[in-house]
1. Take residue 190 and tell me if it is under 30 Å from residue 236 (Cβ atoms), over 19 Å from the mean Cα position of the chain (by Cα), part of a helix (DSSP H, G or I) and modelled with pLDDT under 95.
2. Looking at (1) in contact (Cβ under 8 Å) with a residue 24 or more places away in the chain; (2) hydrophobic (A, V, I, L, M, F, W, C); (3) closer than 30 Å to residue 8 by Cα; (4) open to solvent by less than 60 Å² (accessible area, probe 1.4 Å), which one does residue 104 not meet, given that it meets all the others?
3. Return the only residue of 36, 32, 4, 23 being touching a Ser or Thr at 6+ places or on another chain (Cβ under 6 Å), small (Gly, Ala, Ser) and open to solvent by less than 30 Å² (accessible area, probe 1.4 Å).
4. If residue 63 passes every condition in (1) part of a helix (DSSP H, G or I); (2) polar (S, T, N, Q); (3) touching a residue at least 24 places away in the same chain (Cβ under 8 Å) but one, which one does it miss?
5. Condition first: at negative phi and without any contact (Cβ under 8 Å) to a residue 12 or more places away in the chain. Now tell me which residues in the range 169-210 satisfy that.
6. Does residue 283 satisfy being modelled with pLDDT of 90 or more and either surrounded by fewer than 19 Cβ atoms within 10 Å (Cβ to Cβ) or of a type in the set (Phe, Trp, Tyr) (or both)?
7. Check the range 54-61 and report whether any residue there is among the β-branched types (Val, Ile, Thr), surrounded by 24 or more Cβ atoms within 10 Å (Cβ to Cβ) and either more than 20 Å from residue 290 (Cβ to Cβ) or under 13 Å from the mean Cα position of the chain (by Cα) (or both).
Amino acid sequence: MEKAKISASQLFILMVLFELGSALLVPLAIRAKQDAWLAILLGMLGSFVLFLVYHKLYTYYPNLLPTEYMQKILGKVMGTVLAFVYILYFMYDASRVLRDFGEMLLTFAYPDTPLFIANALLMLVIIYTIRKGIEVIARSGELLFIFMYVLAVAGFILIVSSGLIDFKNLQPVLKEGILPTVKVAASETLYFPFTEAIVFTMILPYLNNSKKAKVTMLCATGLSGINLVITMLINISVIGVNLTARSQFPLLSTVASIQVADFLERLDVFFMLAMVIGIFFKVTILFYAATIGTANLFKIKSPSKLAYPLGIVILFLSITIASNFQEHLHEGLYIAKFILHIPLFIIIPPILLFIAFLQKRKDHGGKHV
């Protein structure tokens, strides 16, 4: 673990950028049709409960990485195996987001460019950033966060002034009742993008004020959730449910339809800039967590030495993970959910917390912790 500290505001910014990341790119929760925004909201509220579990584990071991306290809770062998599984997951997730970036770039601007080249260019920048450490990542976040929000506000104003919004596309609300929307929230939005932020348990030990961790995590998730709700409301009200569902990148379709006073149009490049920023930080944080976790697990003193080999693994994984974009989306929505998301986000953390609670209670001679 490197000797570095970040502030609560920097953690907040990194979490918001992470959760927006690739979630702005895809038709999030569109299986709920015009109630997609409500499914996102419910997924966000559900994630709050799990964040409290992750935070409680952090309060038991504030100076330890999860790769360390898993060994304390489960024992050396089982703890090491579980820690390694989480590291593999962080690398797998980083490769998925990198694939999203490559597919977006090729679809939007460079159809004749090999996917490997597009992904490799971003990966080189990320490897350089990882080698600089968490403090540089956090300071970069502060700068680009402001830029991203300026683009977002400008885009919102232009969409409204273009007269594109038709609120009839959002009706009827809850046509088939609340149950289908709850199902989408429980099977999709709870995991992507909200509880993916379990990766920040690897960042929390770097926080300079541990008392601010809980409020920071919940506020960051709340802000990113509201942003995603607004994005889906705009997508559906501008291009409709059917086009949002069919579009690979609905926000790109929405931004492309902006036309103000017959001269302000083709603003897709602003969308691209915002997406590149979000995806850059999502891949960087997942990659950084995998790097420090691997260094900690295998007692490597300099985590930065792992940046190149692990970066190459993530790069090649992003290419081989699926043969086409549709297969890539299907794998993320259905296969990864049952094999990875439910066990790693929902089942294992509460079990770890329960065992840690019993251990702490025993250590305190039967007193409540």
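The values are calculated or read from the model by the stated rules, or taken from the named source; none is laboratory data. Please read these numbers as outputs of a predicted model, since none were measured by experiment. Positions of Cβ are backbone-derived with ideal geometry, glycine not excepted, and every protein chain shown enters the neighbour counts. Side chains are part of the model used for accessible areas, which takes the heavy atoms of the whole protein and leaves out ligands, DNA and RNA. Shrake-Rupley method; radii C 1.70, N 1.55, O 1.52, S 1.80 Å.
1. no
2. Residue 104 satisfies every listed condition except (3).
3. The match here is 32.
4. (1)
5. 176, 178, 179, 183
6. For residue 283, the condition - modelled with pLDDT of 90 or more and either surrounded by fewer than 19 Cβ atoms within 10 Å (Cβ to Cβ) or of a type in the set (Phe, Trp, Tyr) (or both) - is not met.
7. The answer is no; no qualifying residue exists.
Listed here are the residues, each with its yes/no results for (1) under 16 Å from the mean Cα position of the chain (by Cα); (2) outside any helix (DSSP H, G or I); (3) of a type outside the set (Ser, Thr, Tyr).
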residue: 159; (1), (2), (3): no, no, yes
residue: 172; (1), (2), (3): no, yes, yes
residue: 221; (1), (2), (3): yes, no, no
residue: 239; (1), (2), (3): no, no, yes
